[in-house]
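Trainee: This is the structure, below, for whatever I ask next.
Just so it is clear, none of the values below were taken in a lab; they were calculated from the coordinates. These numbers were taken from a predicted model, which means no experiment stands behind them. Note: ideal-geometry Cβ built from the backbone for every residue, glycine included; neighbour counts use all protein chains shown.
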Amino acid sequence: TQLLEQSPQFLSIQEGENLTVYCNSSSVFSSLQWYRQEPGEGPVLLVTVVTGGEVKKLKRLTFQFGDARKDSSLHITAAQPGDTGLYLCRTNFGNEKLTFGTGTRLTIIP
Amino acid sequence: NAGVTQTPKFQVLKTGQSMTLQCAQDMNHEYMSWYRQDPGMGLRLIHYSVGAGITDQGEVPNGYNVSRSTTEDFPLRLLSAAPSQTSVYFCASSRIWGADQPQHFGDGTRLSIL
């Protein structure tokens with residue numbers, strides 16, 4: 001079974017701090033997506049990264065796709081309470097089954 | 001815009017009962033899927049469909065059935081509910097299958113099996 005591992009599992013930081021969360025696998029991805037899920041709702045797409053080494057920015061969020069296409073990171077600058085949520089990465093491993101990572105639950109303390 | 005609609009939002013069942021979780025989308029999406037979400041385990045794929053009349057198993061299909069008679073609807077059936085099926089269930093759709101295609105999710109069905 002091919003797995004997407006996310007770390008850390010839980011992260012709680014003060015408002016205004018910076019943070020990075022990770023998504024890793026032992027297998028190569030074709031592309032990778034990051035989603036954010038808020039309590040009581042389904043996940044919502046943040047970004048898709050397709051090319052190894054690619055960097056995408058979404059306001060204070062920076063997404064990077066590893067050169068070897070086996071890992072990705074999400075960096076948040078000056079975290080705000082609105083960033084609180086469950087962050088999930090998603091890919092496939094050369095088949096039709098879209099696999100999600102285990103998630104990082106982020107809490108930003110005002 | 002309705003998007004992906006799941007019903008019911010909450011359900012409590014007794015062990016051995018059967019039920020159907022409904023999922024409908026109004027975006028004419030070809031690809032639909034069902035996930036279950038349990039603490040610390042992210043979203044696990046139960047079944048998916050790449051178009052009307054075509055379904056296939058995901059990671060955790062045992063105890064669940066699906067059918068796709070129309071593009072819009074993708075119901076998930078629990079045949080004989082077990083406590084291990086207590087979970088939050090999400091239905092998702094995308095225009096076509098593809099790892100780079102965005103998935104649109106419903107708000108989930110919270111299911112408890114006693």
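Trainee: Remind me, what semi-axes does chain A give for its equivalent ellipsoid, largest first in whole Å, using sqrt of 5 times each Cα gyration tensor eigenvalue?
Mentor: Sorted largest first and rounded, they come to 23, 15, 12 Å.
Trainee: Extending each Cα 7 Å along its Cβ direction at A:SER30 and A:VAL55, get the distance between those two points in nm, one decimal.
Mentor: Calculated label separation equals 2.8 nm.
Trainee: Over the whole of B:86-98, what's the average partner chain Cβ count within 10 Å per residue? Rounded to a whole number, please.
Mentor: Partner Cβ neighbours, averaged per residue: 2.
Trainee: Could I ask something else about it? Can you pull the one-decimal nm distance between simple spin-label points at B:SER80 and B:ALA52, each 7 Å off the Cα toward Cβ?
Mentor: 3.4
Trainee: May I ask which residue of B:GLN103, A:GLY85, B:MET19 lies farthest towards the positive end of the charge dipole of the protein assembly as shown, with charges of +1 (Lys, Arg) and -1 (Asp, Glu) on Cβ and the Cα centre as origin?
Mentor: Going by the Cα projections, it comes out as B:MET19.
Trainee: By the gyration tensor of its Cα atoms, with a ≥ b ≥ c the square roots of the eigenvalues, what is the shape of chain B: rounded for a/c under 1.5, prolate for a/b over b/c, or oblate?
Mentor: prolate
Trainee: Moving on. Before anything else, pin down the relative contact order of chain A: Cα pairs under 8 Å, at least 6 apart, normalised by residue count, whole percent.
Mentor: Relative contact order for chain A comes out at 37 percent.
Trainee: Please state the charge dipole magnitude for the protein assembly as shown, taken about the Cα centre, from unit charges on C-beta atoms (+1 on K and R, -1 on D and E), reported in debye and rounded to the nearest 20.
Mentor: With only Lys, Arg, Asp and Glu charged at Cβ, the dipole is about 200 debye.
Trainee: Also, quick follow-up: In debye to the nearest 20, how big a dipole does chain A give about its Cα centre with +1 on each Lys and Arg Cβ and -1 on each Asp and Glu Cβ?
Mentor: So the magnitude is around 200 debye.
Trainee: Assign unit charges at the C-beta atoms only (+1 for Lys and Arg, -1 for Asp and Glu), then state the dipole size of the stretch B:48-105 relative to its Cα centre in Debye, rounded to the nearest 20.
Mentor: Here the size comes out at about 100 debye.
Trainee: Separation of the stretch A:54-98 and the stretch A:32-52 by C-alpha centroid, Å?
Mentor: A separation of 7 Å, based on Cα centres.
Trainee: Shielding by partners for B:37-44, please: the mean number of other protein chain Cβ atoms within 10 Å of each residue's Cβ.
Mentor: The mean count of partner-chain Cβ atoms within 10 Å per residue comes to 6.
Trainee: While we're here: Dividing the alpha-carbon Rg of the protein assembly as shown by 2.2 N^0.38 Å yields what?
Mentor: 1.02
Trainee: Next up: Taking beta carbons within 10 Å but only from partner chains, what does the mean come to for residues B:101-108?
Mentor: Shielding by partners across B:101-108 averages 5.
Trainee: Given the options A:ARG36, A:ARG60, A:ARG90, which has the most mean-square fluctuation in a GNM of chain A, springs set between C-alpha atoms less than 10 angstrom apart?
Mentor: Of A:ARG36, A:ARG60, A:ARG90, the Gaussian network model singles out A:ARG60 as fluctuating most.
Trainee: Please find the FRET efficiency linking A:THR62 to A:GLN14, where r is the Cβ-Cβ separation and R0 is fixed at 25 Å, and quote it to the nearest 0.05.
Mentor: In this case the efficiency is close to 0.80.
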